[in-house]
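What follows is one structure encoded as structure tokens, with my remarks underneath.
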Amino acid sequence: MNLPRSRILHMLVTHGPAPAPDISDALSLSAATVNRELEQLTRAGFVSASVAIPGNFDSIYASDAPQIFQEMTRVCQFLGLEL
């Protein structure tokens, strides 16, 4: 996982759901970078996008931390590593 993607995921896990512009501002990343990385995280199942707030066209992105931990545990077990 690349650094911007890791930072975005960390922010969503530790600070909760946020729209892409807020993520971009908080992490000092370009909108294009944030959108690209959110798309990858969503495809991988680490992040989900909810319907935009009425009056605001930005989706709200959230991460399911327990699901991420379960996936990481499975990968570590597969690789013979301890978490």
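Please turn the phi angles of region 18-28 into ³J(HN,Hα) values with the Karplus equation 6.51 cos²θ - 1.76 cosθ + 1.60 (θ = phi - 60°), one per residue in order, whole Hz, x for glycine and proline.
7, x, 3, x, 5, 5, 4, 5, 5, 9, 6
How far is helix 65-79 tilted off the main Cα axis of the chain, in degrees rounded to 10, range 0 to 90?
Taking the Cα atoms of the chain, the angle to 65-79 is about 30 degrees.
How large, in Å, is the chain by the Kirkwood hydrodynamic radius built from its alpha-carbon pairs?
Working: mean 1/r = 0.0748 Å⁻¹.
With all distinct Cα pairs of the chain included, I get 13.4 Å.
Please find, in a Gaussian network model of the chain (springs between Cα atoms separated by less than 10 Å), the residue of Ala49, Ala32, Ala65 whose mean-square fluctuation is greatest.
Comparing Ala49, Ala32, Ala65 in a Gaussian network model of the chain, the most mobile one is Ala32.
So what does the Cα-only Debye profile of region 1-43 read at q = 0.17, 0.32 Å⁻¹, as log10 I(q)/I(0), no solvent term?
-0.36, -1.37
Angle, helix 3-15 long axis vs. longest principal axis of the chain, Cα atoms, 0 to 90°, nearest 10?
Helix 3-15 and the main axis of the chain meet at about 80 degrees.
Readers should treat all values here as calculations from the given coordinates under stated rules, not as data from a laboratory. Owing to the predicted nature of the structure, the values given are computational and were not obtained by experimental measurement.
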